[in-house]
Amino acid sequence: MTSVQRLPAGLARRMALAAQGFAVPRPSSPVGSRQLRSVAQRLAVVQIDSVNVLSRSHYLPFFSRLGPYPRQALDALTNGRGAVFEYWAHEASFLPVRLHPHLRWRMAAADDEAWGSMTRVARERPEYVAALVERVRTGGPLRAAELGETRPDRPGSMWNWHAGKAALEYLFFTGVLTARGRTAGFERVYDLTERVLPATVLAQPVPERADAVRELVRTAARALGVATEKDLRDYFRLSPGDARTAVAELTDAGELTAVAVDGWGRPAWLDPAAHRPRWIRARALLSPFDSLVWERPRVERIFGFRYRLEIYTPAPKRVHGYYVLPFLLGDRLVGRVDLKADRQASVLRVQSAFAEDDVAHGEVAAELAAELRLMADWMELEDVVVGERGDLAGELSRVVGRR
C-alpha cells in the first residue's frame with residue numbers, strides 16, 4: 001500500500017497562495033498586456049460579475065496580484081482580441097483561448113447543461129433561434145437590447161430574460177456565438193464565434209469528454225496548488241462523477257499526488273510541480289469573486305477565515321457589509337473591509353473595517369491604509385474615507401487621517 005504524503009497546514013496555505021500568483025512581488029515597472037496575459041493564464045478562470053459598487057469584479061484579481069495597471073489594457077485583452085474568451089466555467093468567466101476545445105463537450109451538451117429559458121426557447125422556437133444567427137451573420141455584432149423586446153414581469157428579475165436574450169444566451173452556451181466584448185454598461189455583445197476566436201483554436205479537434213475533463217482538472221490543480229476533489233471540481237463546475245474519474249486517472253499517471261494536509265480532515269491532491277515557498281509577503285484586497293476565495297469552505301479550511309457574501313442579505317441582518325473584500329497580509333487573511341467607490345464625490349468609502357481576532361490592529365491598519373490608498377489612486381479617486389463601523393475602523397481612520 002502506497003503511503004500518503006503529509007503536508008503541514010502552513011505549507012499547504014503558502015502553496016495555495018503561490019499557485020494563485022501571490023508568491024512573487026508586484027512589478028516595479030508599468031504593467032502592460034504581457035503581465036495581464038500571464039495572470040489570466042495562471043488563474044485560467046477569472047469570474048465576471050455585474051455588481052459595480054466598487055469595481056466590476058474581473059478588474060480586481062489583476063490589481064490584487066499586479067498592483068495598478070491601465071484598465072484599458074485589460075479591456076483590450078478581453079474584448080475579442082483572441083487571447084481570452086468568455087464562457088460559463090466557474091460562473092460567467094474569462095478564460096485563456098487554449099481551453100476553448102476543452103469546453104466544447106459542455107457546449108454540445110447544452111440541452112442538459114444549460115437551464116430554464118435558454119433551453120425552452122430553443123425547444124419551442126427553433127426558427128427564431130436560427131433567425132437570430134442569420135441576423136448576426138449578416139448584420140454583425142448584436143446586443144440583446146437591440147432586439148427591442150420587453151422582459152417578463154415576474155419575481156426573480158435577475159434571470160427574467162425576454163425570448164431574444166434567452167435565445168442569444170442559448171447560442172452563446174452552445175458556442176455558435178461568443179462575446180465580442182462588453183459595452184460600458186456591461187452588456188454582452190454577441191458575434192459569430194468564428195469571427196472572434198483565432199482560426200487556429202477553432203481548427204483544433206474536439207477532445208473526448210473524458211480527455212477534456214482531465215485537462216480541466218489538471219488546469220485547476222495548477223491554479224490551486226493543493227486541493228480536495230471538491231475544490232478541483234468546483235473550479236470549472238464539473239460533475240462529481242467526471243471529477244472523481246479524472247482525479248483518479250491523473251493520480252495513476254503521476255500528474256497528481258495524493259496528500260494528507262494537517263487539519264483538513266479530507267483527502268487532498270497537489271500538482272507535483274507546485275511551488276513550495278518558505279514565506280509569502282503578499283498584501284492584497286480580494287474581490288469576493290476572486291478564485292482564491294470564491295469557494296467559502298476552502299477559505300475556512302485553509303485560512304481559518306469564515307467568509308460569506310452578504311449582497312443578498314437584508315441590510316439590517318448583514319454582519320460585515322454589502323461588498324466585503326478580505327485583506328491578505330503575508331500568508332494570512334487578517335481582516336475585511338466593505339468598500340464603495342463614491343465616484344461623484346471622488347472618494348473610496350470604507351463603510352466597515354474588521355480585523356481577525358488574533359492580529360495586531362496597528363500593523364494591519366497601517367498596511368491596509370496603504371493598500372486602500374493604492375486602490376484609490378488606481379481607480380482615480382481623490383480620497384479614502386473610513387466610516388465608524390467595525391473593530392478596526394477607529395485605528396484605520398487614524399492611520400488614513402495621518403496621511
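Taking segment 9-53, which residues are open to solvent by less than 70 Å² (accessible area, probe 1.4 Å) and of a type in the set (D, E, K, R)?
Across segment 9-53, the qualifying residues are Arg13, Arg14, Arg26, Asp49.
Got a sec? Which helices (runs of 4 or more DSSP H) wholly within segment 68-154 have at least 1 residues that are touching a residue at least 12 places away in the same chain (Cβ under 8 Å), within 18 Å of Tyr190 (Cβ to Cβ) and not small (Gly, Ala, Ser)?
71-78, 104-108, 116-124, 126-139
Does Arg6 satisfy being open to solvent by 20 Å² or more (accessible area, probe 1.4 Å), basic (Lys, Arg) and either more than 29 Å from Ala184 (Cα to Cα) or in a loop (DSSP other than H, G, I, E, B) (or both)?
yes
Exactly one of (1) at pLDDT 90 or above; (2) touching a helix residue (DSSP H, G or I) at 6+ places or on another chain (Cβ under 9 Å); (3) closer than 23 Å to Tyr235 by Cα; (4) open to solvent by less than 70 Å² (accessible area, probe 1.4 Å) is unmet by Val136. Its number?
Only one criterion in (1) at pLDDT 90 or above; (2) touching a helix residue (DSSP H, G or I) at 6+ places or on another chain (Cβ under 9 Å); (3) closer than 23 Å to Tyr235 by Cα; (4) open to solvent by less than 70 Å² (accessible area, probe 1.4 Å) is unmet by Val136, namely (3).
For segment 219-237, give me each residue that is more than 13 Å from Ala19 (Cβ to Cβ) and either touching a helix residue (DSSP H, G or I) at 6+ places or on another chain (Cβ under 6 Å) or of a type in the set (Asp, Glu) (or both).
Within segment 219-237, Glu229, Arg233, Asp234, Phe236 meet the criteria.
Of the conditions (1) in a strand (DSSP E or B); (2) aromatic (Phe, Trp, Tyr); (3) under 26 Å from Gly67 (Cβ atoms), Trp279 fails just one. Which one is it?
Of (1) in a strand (DSSP E or B); (2) aromatic (Phe, Trp, Tyr); (3) under 26 Å from Gly67 (Cβ atoms), only one is false for Trp279: (1).
State yes or no: is Phe354 in contact (Cβ under 8 Å) with a residue 40 or more places away in the chain and within 29 Å of Ala18 (Cβ to Cβ)?
No, not satisfied.
Every residue, every condition in (1) within 21 Å of Phe236 (Cα to Cα); (2) surrounded by fewer than 18 Cβ atoms within 10 Å (Cβ to Cβ), yes or no:
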{"residue": "Thr257", "(1), (2)": "yes, no"}
{"residue": "Gly263", "(1), (2)": "no, yes"}
{"residue": "Trp269", "(1), (2)": "yes, no"}
{"residue": "Pro272", "(1), (2)": "yes, yes"}
{"residue": "Ile280", "(1), (2)": "no, no"}
{"residue": "Ala284", "(1), (2)": "no, no"}
{"residue": "Pro288", "(1), (2)": "yes, no"}
{"residue": "Ser291", "(1), (2)": "yes, no"}
{"residue": "Trp294", "(1), (2)": "yes, no"}
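If Val347 satisfies every condition in (1) touching an Asp or Glu at 6+ places or on another chain (Cβ under 7 Å); (2) closer than 18 Å to Pro288 by Cβ but one, which is the exception?
With respect to (1) touching an Asp or Glu at 6+ places or on another chain (Cβ under 7 Å); (2) closer than 18 Å to Pro288 by Cβ, Val347 is out only on (2).
Under 8 Å between Cβ atoms, which residue pairs at least 6 apart in sequence (or on different chains) link something in segment 271-294 that is touching a residue at least 60 places away in the same chain (Cβ under 8 Å) and closer than 21 Å to Ala365 by Cβ with a partner that is in a loop (DSSP other than H, G, I, E, B) and open to solvent by less than 20 Å² (accessible area, probe 1.4 Å)?
Final answer for the pair search is Ile280/Phe22; Ala282/Phe22; Ala284/Phe22; Leu286/Leu292; Leu286/Val293.
Regarding Val261, is this residue of a type in the set (Val, Ile, Thr) and either in contact with a Gly (Cβ under 9 Å, 6 or more places away or on another chain) or not assigned by the TED database to the domain that holds Gly21 (or both)?
no
Here are some residues: Leu66, Leu77. Which one is out of contact with any Phe, Trp or Tyr (no Cβ under 6 Å at 6 or more places or on another chain), of a type outside the set (Gly, Ala, Ser), closer than 18 Å to Asp290 by Cβ and modelled with pLDDT of 95 or more? Talk me through it step by step, then tell me what you get.
On the way: Leu77 fails: modelled with pLDDT of 95 or more.
Of the residues listed, the single one that is out of contact with any Phe, Trp or Tyr (no Cβ under 6 Å at 6 or more places or on another chain), of a type outside the set (Gly, Ala, Ser), closer than 18 Å to Asp290 by Cβ and modelled with pLDDT of 95 or more is Leu66.
Just checking, which of Ala341, Ala369, Ala393, Ala360 is free of Cβ contacts under 8 Å to residues at least 40 places away in the same chain and crowded, with 19+ Cβ neighbours inside 10 Å?
Ala369
Condition (residue is of a type in the set (Asp, Glu), within 24 Å of Leu177 (Cβ to Cβ) and either open to solvent by less than 50 Å² (accessible area, probe 1.4 Å) or assigned by the TED database to the domain that holds Leu177 (or both)) applied to segment 91-99: is it met by at least one residue?
Going residue by residue through segment 91-99, those that are of a type in the set (Asp, Glu) are 91.
Okay, now just the ones that are also within 24 Å of Leu177 (Cβ to Cβ), so 91.
Applying the additional criterion that residues be either open to solvent by less than 50 Å² (accessible area, probe 1.4 Å) or assigned by the TED database to the domain that holds Leu177 (or both) yields none.
Within segment 91-99, none of the residues are of a type in the set (Asp, Glu), within 24 Å of Leu177 (Cβ to Cβ) and either open to solvent by less than 50 Å² (accessible area, probe 1.4 Å) or assigned by the TED database to the domain that holds Leu177 (or both).
Given (1) more than 27 Å from Thr219 (Cβ to Cβ); (2) modelled with pLDDT of 95 or more; (3) of a type in the set (Gly, Ala, Ser), where does Ala315 come up short, assuming only one miss?
Only one criterion in (1) more than 27 Å from Thr219 (Cβ to Cβ); (2) modelled with pLDDT of 95 or more; (3) of a type in the set (Gly, Ala, Ser) is unmet by Ala315, namely (2).
The values are calculated or read from the model by the stated rules, or taken from the named source; none is laboratory data. The structure displayed is predicted, hence computed values, not measured ones. Note: ideal-geometry Cβ built from the backbone for every residue, glycine included; neighbour counts use all protein chains shown. For the accessible areas, the whole protein counts, side chains as well, though only heavy atoms, and no ligand, DNA or RNA atoms are used. Shrake-Rupley method; radii C 1.70, N 1.55, O 1.52, S 1.80 Å.
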